[in-house]
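Right, one structure below, let's go through it.
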């Protein structure tokens, strides 16, 4: 078992003919992901890495029964791509794209919920179930199958921790990057709930950062609903207030969203906190 | 992107939100002229992005044009939280009968656009949130329908606005919401929003921040950018497409990925070092970006050492190593550099670095300890 994706995942790649889309399609195929279709309007009938390209998501889904999509489309077109995928009946949409205006995500977020679909991201590295399926851009070779579930706001920070876990012999059930934007489709709590209900996952690693209060709500959720041990790290102890640290959501505003308050919330709710990302692999 | 009060007020007046007559001056003489034209009592207000201008002495009343010149003389050149005042807004003084707060924000929790109103105007809303949170009324606009009149009325009644002033308030709230949406703001607030002695609504102060990700569809906003408010290095970084924030420490950091960049800075702190900056070099770490990153970091004279922390995922370690060497050929520096390279092709990368006599490390802990050590040695 695992969460969200596995060997039954049938993937549609939106923006497959672009530089990023084509490159990562190749990577995902090499990992063993079942990439069944690609989408670029006006390029229907072509093939990328042997994958058939369609003009619309509806055509792609009708022809291939794709059930998951990944988006490598530029920021100004990505919100429309999310809606197109959901409208075509895709139940899991993973949006890698960074730089989407946050206001554009407001109606899109609620549309996805209304249709009963799930969005991961935007501004995320995607997710991976080791040995079964990879959707997004996480380098596959740093993971190994196992029982640790990983959920994170960040890309390379996830790699750092996963790599340390793998080197110490702790494999992963699924690793999910939920994204660093202020409005994201899937929250820490959503993923914690999935891990709690996944028999394969025995331990959970949660990686957060400054900005907003999602980590605090997640910590409270852990105390109330998660029986599996949870380990965490919060990035940004040295971040100054009022400055955006790369991610659109990573900003301390009005004195709220600091690393110190999140670390405290983790500890107060029984989450063991690593002093550095690699230390997670030692305390687990 | 932050803008100044006078710029935010220009935007508000385009939405028919009443603001007082006023203009900006960059010299005391100009301030005098403006005061004369406005007539009567004026307020001279420092135009800087930092908050707390009043407390810092950057807002003064003036009864006559002479006095306006005098006050402007005192305020211009003043340093408010690191920003030098180069402009003042000279505006009609208002007779305040009642002060309110009205703001629009992106609400992460509600996943929407939320209006906040309070009868506690004129003080920072964060302060009100701490001392009397029950005095903040919130309504979240419908994601598809926008802000309803009834929602603006809910705010008004919740804020204790008198019956005959409600329609005027509803118009302002709806227009403020429209201004927020149409300009892709991150924050737009009027504080205080007042009723004057004649019972008229006026926006006495305004604050606005644009969503950086939406600036591509607001070309006009580029003219509102005040480069004087930014660190030179931050301007350079933006041009080079690097996310950079200057800090006070002495160890420069170059990292791929925002989360890992913050974690790297935290690790320096853990080993007794102090980061000089946040810098996310992005995916490729090609020579031109490396060059730009090193140049920007070295423009800070406090920097005693630089730490590179690159986790090669899609990026190949040998490519990054070549980028670093090519970058260093263009910028000669004697500031020691420690490079931690891991991930795809990292062994090849480390070999390339060693051949070029560059210190490399395998783990972040090892690299952090090394760089903290050399930085201390040179301090």
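The values are calculated or read from the model by the stated rules, or taken from the named source; none is laboratory data. Only a predicted model underlies this, so the values are computations on that prediction, with no experimental measurement involved. Quick reminder, even Gly has a Cβ in these numbers, built from the backbone with ideal geometry, and neighbours come from all protein chains shown.
State whether the residues of region B:118-136 include one that is within 29 Å of residue B:219 (Cβ to Cβ), within 11 Å of chain A (Cβ to nearest Cβ) and surrounded by fewer than 16 Cβ atoms within 10 Å (Cβ to Cβ). Steps first, please.
Let us first name the residues in region B:118-136 that are within 29 Å of residue B:219 (Cβ to Cβ), namely none.
Scanning region B:118-136, I find no residue that is within 29 Å of residue B:219 (Cβ to Cβ), within 11 Å of chain A (Cβ to nearest Cβ) and surrounded by fewer than 16 Cβ atoms within 10 Å (Cβ to Cβ), so the answer is no.
Within region A:204-225, the set of residues being surrounded by fewer than 21 Cβ atoms within 10 Å (Cβ to Cβ) and assigned to a loop (DSSP other than H, G, I, E, B) comprises A:213 only.
All of (1) within 11 Å of chain A (Cβ to nearest Cβ); (2) surrounded by fewer than 19 Cβ atoms within 10 Å (Cβ to Cβ); (3) free of Cβ contacts under 8 Å to residues at least 60 places away in the same chain hold for residue B:227 with one exception: (1).
Going by the conditions given, is residue A:4 surrounded by 17 or more Cβ atoms within 10 Å (Cβ to Cβ) and over 14 Å from residue A:129 (Cα atoms)? Taking the combined requirement at face value, the residue does not satisfy it. Looking at this structure, is residue B:172 crowded, with 19+ Cβ neighbours inside 10 Å and either part of a helix (DSSP H, G or I) or within 14 Å of chain A (Cβ to nearest Cβ) (or both)? Yes, satisfied. Apart from one condition, residue B:163 fits all of (1) surrounded by fewer than 16 Cβ atoms within 10 Å (Cβ to Cβ); (2) touching a strand residue (DSSP E or B) at 6+ places or on another chain (Cβ under 9 Å); the exception is (2). Output yes when any residue across region A:131-146 is over 19 Å from residue A:26 (Cβ atoms), surrounded by fewer than 17 Cβ atoms within 10 Å (Cβ to Cβ) and not assigned by TED's automatic domain parsing to the domain that holds residue A:222, and no when none is. No, the conditions are met nowhere in region A:131-146.
So which strands (runs of 3 or more DSSP E) stay within region B:229-281 end to end and still have 3 or more residues that are at pLDDT 95 or above and under 19 Å from residue B:336 (Cβ atoms)? Reasoning before the result, please.
Details: elements: B:243-246, B:251-255, B:277-280.
Fully inside region B:229-281 and qualifying: B:251-255.
Residues of region B:235-252 that are buried (at least 19 other Cβ atoms within 10 Å of the Cβ) and over 16 Å from residue B:306 (Cα atoms): B:237, B:242, B:243.
Residues in region B:176-193 that are in contact (Cβ under 8 Å) with a residue 24 or more places away in the chain, outside any strand (DSSP E or B) and either surrounded by fewer than 17 Cβ atoms within 10 Å (Cβ to Cβ) or within 14 Å of chain A (Cβ to nearest Cβ) (or both): 7 in all.
Enumerate the strands (runs of 3 or more DSSP E) found wholly within region B:2-86, keeping only those where 3 or more residues are more than 26 Å from residue B:175 (Cα to Cα).
Values: elements: B:22-25, B:42-46, B:59-62.
Because the criterion is at least 3 residues that are more than 26 Å from residue B:175 (Cα to Cα), the strands (runs of 3 or more DSSP E) in region B:2-86 that meet it are B:42-46, B:59-62.
Within region A:226-250, take every residue that is surrounded by fewer than 22 Cβ atoms within 10 Å (Cβ to Cβ) and either away from chain B (no Cβ under 12 Å) or within 20 Å of the chain's Cα centre (by Cα) (or both) and give me the one that is nearest to residue A:201 (Cα to Cα). By that ranking, first place goes to A:228.
Scanning region B:296-340 for residues that are within 14 Å of chain A (Cβ to nearest Cβ), farther than 25 Å from residue B:232 by Cα and within 32 Å of the chain's Cα centre (by Cα) turns up B:310, B:311, B:312, B:313, B:314, B:315, B:320, B:340.
Of B:252, B:257, B:241, which residue is at positive phi and touching a strand residue (DSSP E or B) at 6+ places or on another chain (Cβ under 7 Å)?
On the way: B:252 fails: at positive phi; B:241 fails: touching a strand residue (DSSP E or B) at 6+ places or on another chain (Cβ under 7 Å).
One residue alone meets the criteria, B:257.
Give me the pairs: first residue in region B:49-67 and assigned by TED's automatic domain parsing to the domain that holds residue B:33 and without any contact (Cβ under 8 Å) to a residue 24 or more places away in the chain, second residue part of a loop (DSSP other than H, G, I, E, B) and surrounded by fewer than 17 Cβ atoms within 10 Å (Cβ to Cβ), beta-carbon distance under 6 Å, and six or more apart or on different chains, which are they? Note: pairs meeting the criteria are B:63/B:41. Among residues of region A:74-93 being surrounded by 17 or more Cβ atoms within 10 Å (Cβ to Cβ) and out of contact with any helix residue (DSSP H, G or I) (no Cβ under 7 Å at 6 or more places or on another chain), the one that is nearest to the other protein chains (Cβ to nearest Cβ) is A:78.
When region A:169-181 is filtered for residues that are over 15 Å from residue A:158 (Cβ atoms) and buried (at least 24 other Cβ atoms within 10 Å of the Cβ), only A:181 remains.
Looking across region B:248-265, the residues that are over 23 Å from residue A:155 (Cα atoms) and facing another protein chain (nearest Cβ under 9 Å) come down to B:248, B:249.
Based on this model, can you work out whether residue B:154 counts as under 27 Å from the mean Cα position of the chain (by Cα), surrounded by fewer than 19 Cβ atoms within 10 Å (Cβ to Cβ) and assigned to a helix (DSSP H, G or I)? It is false that residue B:154 is under 27 Å from the mean Cα position of the chain (by Cα), surrounded by fewer than 19 Cβ atoms within 10 Å (Cβ to Cβ) and assigned to a helix (DSSP H, G or I). Consider region B:316-337 and keep the residues that are farther than 14 Å from residue B:290 by Cα and touching a strand residue (DSSP E or B) at 6+ places or on another chain (Cβ under 7 Å). The one that is surrounded by the most Cβ atoms within 10 Å (Cβ to Cβ) is B:336. Within region A:162-180, the set of residues being more than 9 Å from chain B (Cβ to nearest Cβ) and outside any strand (DSSP E or B) comprises A:162, A:165, A:166, A:167, A:168, A:169, A:170, A:171, A:178, A:179.
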